[in-house]
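Here the structure comes first, spelled out in structure tokens, and everything after it is commentary.
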Amino acid sequence: MADPRFVHLRLHSEFSVVDGIVRVDEAVERARADAMPALGLTDLANVFGMIKFYRAARSTGVKPIVGCDVWIGNAKDTEKPSRLLLLCQSRTGYLRLSELLSRAYRFNQHRGRAEIDPAWLDAASTEGLIGLSGGPFGDIGQALFNDNEEQARRHARYWCEAFPSRFYLEVQRTGDPRVDALARRTLKFASREGLPAVATHPVQFMRREDFRAHEARVCIAQGYVLGDSRRPKAFTPQQYFKTQEEMATLFARAPGLLANSVRIAKRW
């Protein structure tokens, strides 16, 4: 069997009620069929699907990577939180993640979002966790969107200290022109700052043709109707479960980013 080229580390399942329609069993089977040795489940602000995912993955020989796409509070503007992807690399990491989510739900909710205060995160409290920057929704990505490289540098320093040797910049290509442009900026930033980067693909649905059904789910969550031309459109038809071959084509000029996804999967 050829060595794996890519592992999906970012996936929102049906347990991400507001923006995911992926069925856990189907995702695991797709990973197995594509000879993907591992798969990450990273639902938005919850780990409700963990047991179902863990059992399905183990039963098919796919290594389960448990994680979460978490909200990070913004004290300067509470209406503009950011996101961070947390992956468990050990039982300790899972317990840390559980503690952080429980604390956020109990003590730090804003407009229904359970937000992790960045002050809660340091080298001790993140033991066993790998941090990924959140791509276009992370504070580094947002700073780069705004051409504020100094702010991006400050955020990067903070996260590197909170996740010593366990922090990566996410690079995504989803077909959204702004996200694709951010990928180029992120790579340049990573090179200048000497930071590791990894290719991730935000999986929200299984097949390209599921996009409209996914958009209907998002509309229900946001209170819009599907035909409303004014509704915000944060997703693209490309956010389906891509194969390793498709990801290799998408990142043909940066194979090292794909290799890093496999390296991260091995850190569990």
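Details
- Taking residues in region 18-32 that are over 18 Å from P237 (Cβ atoms), and partners anywhere that are of a type in the set (V, I, T), the pairs with Cβ atoms closer than 6 Å and at least 6 places apart or on different chains are V28/T60; V28/V62; A31/V62; R32/T60; R32/V62.
- Among residues of region 175-188 that are touching a residue at least 60 places away in the same chain (Cβ under 8 Å), those with a Cβ under 9 angstrom from a residue that is part of a loop (DSSP other than H, G, I, E, B) and among the small types (G, A, S), sequence gap 6+ or separate chain, pair up as D176/A234; L187/A254.
- Qualifying residue in region 115-124 (condition: surrounded by 15 or more Cβ atoms within 10 Å (Cβ to Cβ), of a type in the set (A, V, I, L, M) and at pLDDT 95 or above): yes
- Among the strands (runs of 3 or more DSSP E) confined to region 12-116, the ones with at least 2 residues that are under 16 Å from F205 (Cα atoms) are located at 38-41.
- Of note, R153 satisfies the criterion of being within 20 Å of L121 (Cβ to Cβ), of a type outside the set (S, T, Y), in a helix (DSSP H, G or I) and open to solvent by 20 Å² or more (accessible area, probe 1.4 Å).
- Residue within region 34-45 that is in contact with a Pro (Cβ under 9 Å, 6 or more places away or on another chain), open to solvent by 40 Å² or more (accessible area, probe 1.4 Å) and hydrophobic (A, V, I, L, M, F, W, C) present: yes
- Positions within region 151-174 being touching a residue at least 40 places away in the same chain (Cβ under 8 Å) and of a type in the set (F, W, Y), in sequence order: Y158, W159, F163, Y168
- Residues that are in contact (Cβ under 8 Å) with a residue 40 or more places away in the chain and farther than 13 Å from D19 by Cα were ranked within region 213-244; the one that is surrounded by the most Cβ atoms within 10 Å (Cβ to Cβ) is F241.
- Matching residues in region 122-150 - criterion: being outside any helix (DSSP H, G or I), over 16 Å from W71 (Cα atoms) and not small (G, A, S): D122, E127, N146, D147, N148
- Subset of region 125-150 that is under 22 Å from A265 (Cα atoms) and free of Cβ contacts under 8 Å to residues at least 40 places away in the same chain - its residue that is least open to solvent (accessible area, probe 1.4 Å): S125
- Whichever residue in region 164-195 is closer than 14 Å to I264 by Cα and among the aromatic types (F, W, Y) and, among such residues, is surrounded by the most Cβ atoms within 10 Å (Cβ to Cβ): Y168
- Filtered residues of region 196-210 (kept if surrounded by 17 or more Cβ atoms within 10 Å (Cβ to Cβ) and either over 24 Å from V70 (Cβ atoms) or β-branched (V, I, T) (or both)): V198, T200, V203, D210
- Tally, over region 49-70, of residues that are hydrophobic (A, V, I, L, M, F, W, C) and open to solvent by 50 Å² or more (accessible area, probe 1.4 Å): 1
The values are calculated or read from the model by the stated rules, or taken from the named source; none is laboratory data. All values reported here derive from a predicted model rather than from experimental measurement. Because the Cβ atoms are built from the backbone with ideal geometry, glycine has one as well, and the counts that use them run over all protein chains shown. Side chains are part of the model used for accessible areas, which takes the heavy atoms of the whole protein and leaves out ligands, DNA and RNA. Shrake-Rupley method; radii C 1.70, N 1.55, O 1.52, S 1.80 Å.
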